[in-house]
Structures are given as structure tokens and as C-alpha cells.
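Coordinate-derived values only; no laboratory data. Computed from a predicted structure; not experimentally measured. As a convention, Cβ positions derive from the backbone with ideal geometry for all residues, glycine included, and neighbour counts pool all protein chains shown.
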Amino acid sequence: MAVAIKKITTDANVAPHWHAHAKEIQKFGSVIEDMPHPLGAKARADMVAELNQLLADSIALRDMYKKHHWQVSGPTFYQLHLLFDKHFDEQVEMVDTIAERVQLLGGVTIAMGGDVAETTRIPRPPRGREEVPVQISRLLEAHKIIIQSCLDISEAADKAGDQGTNDLVISDILRPNELQSWFIGQHLVEMPLILEK
Ligand SMILES: [Fe+2]
């Protein structure tokens, strides 16, 4: 038998304090000056700016993979449906890796969709569905932007002495993006299933 609730309590001591509003603790675009990291604040600020751009572009690409995973159709539906979702999962990991580097360097990550939309260099696709070659072309264009960005950040990081960022963008971001780019790009090669006699 259910235990009857006889009273609604108005005792504030047992209620969660959930109407919390206060000023931000760190502004976006700033870096913490005194950090337990040998890199100076200026070098870290430069790296954070570059990494936040890469982060915005990677979030946009990540979300485009999910859009295409849902909206794909045609004879290659099943394989692309799965492949797009695999690449989405990998982009989730990459996004997290970049974001945590931004925080580690004393910066503030870009995070929410509206801010990403204002920042990314990846062209915005339409809300509606598109054919497979168009979907893949958009993804390839996005990968190209990200790969170039990794090369640029690597060079800047090397000059700044930030070998952690240098290694991260090459090992954790550039290489997986190259691989994803190859996997989807091969779907655009014209290849007959049956040879004519
Ligand atoms: Fe799904």
C-alpha cells in the first residue's frame, strides 16, 4: 500500500538552492595570468584563440555528421548512416580534447551552438535534406578547413614553444581528420559495380 503524503513543506532549509544567478567567474576571451604552466600568458592567449576557432569548426563538423547520419538516403544509406555516426563519435572525442586544452591553458572554451554558429568558418548547410554527393562535399570542405587550421596552429605552437598544443593538433586532430576525409571522399569516386563486356 502506498504511503500517503499528508503535507507539502514550505521549509526553505530542505529545498535545493536552484535560483542561482551571479556574475561570470571568467570572461570569454580572457586567460588566467598566473598558471602552473611554463608558458607565459601571452603565448597561452594566442594558443587559446587559435584552439577556440578550431573548436568551433570541429563542433560544426561534428554536428554536420549527425545531420547527415539522420538525413542520408539512397543505395548507400546503410553504410553511410553507420559511417557518419562513427565519424560523429570520433569528432565528439576530438572536440573534448581541444576544449580541455583551452581550459588547461587558462582560457575559456566556446561551447554553445549559437556562439559556435557565429564563430565557425564552415559554411552553414540548409536545414533540409541534400543528396549524398552534396552531403559528402560539404564534409570534405569542412575537413579541409580543419586540416589547414591544424597545420597553422602546429606552426604557431612550435614558434611559441607550446609543444603540447603542437602534438595535440597533429596527433589527435589532424590525423583522424585526414582519415575521415579519405573514408568519405572515396564514396565520390566513380566506380562501376559491373564491368561492361
Ligand atoms: Fe542514430
Query raised in the report: If you stretched the chain out fully between Glu93 and His19, how much longer would it get, using 0.36 nm times the residue separation minus the C-alpha to C-alpha distance?
Result: 23.4 nm
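Cβ under 12 Å from Phe183's Cβ, Phe183 left aside: what net charge do those residues give with Lys, Arg +1 and Asp, Glu -1?
Neighbourhood net charge equals -1.
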Report task. Give the cross-link partners of Lys42 among the lysines, using a straight C-alpha distance below 28 Å as the criterion and excluding same-chain residues fewer than 8 apart. Result -> Lys23, Lys27, Lys159
Query raised in the report: What Kirkwood radius, in Å to one decimal, follows from the Cα pairs of the range 30-92?
Result: 14.0
Report task. Using a Gaussian network model of the chain whose springs link C-alpha atoms within less than 10 Å, name the residue from His87, His187, His69 with the highest mean-square fluctuation. Result -> His187
Query raised in the report: How big is the C-alpha Rg of the chain next to the rule-of-thumb value 2.2 N^0.38 Å, as a ratio?
Result: 1.37
**Report entry** Helical contribution to [θ] at 222 nm, DSSP H n ≥ 4, -39,500 (n - 2.57), averaged over the chain, rounded to 500
**Finding:** -19000 deg cm²/dmol
Query raised in the report: Among 170-183, 94-107, 18-31, 47-60, what's the highest-first ranking by average C-beta atoms within 10 angstrom per residue?
Result: 47-60, 94-107, 170-183, 18-31
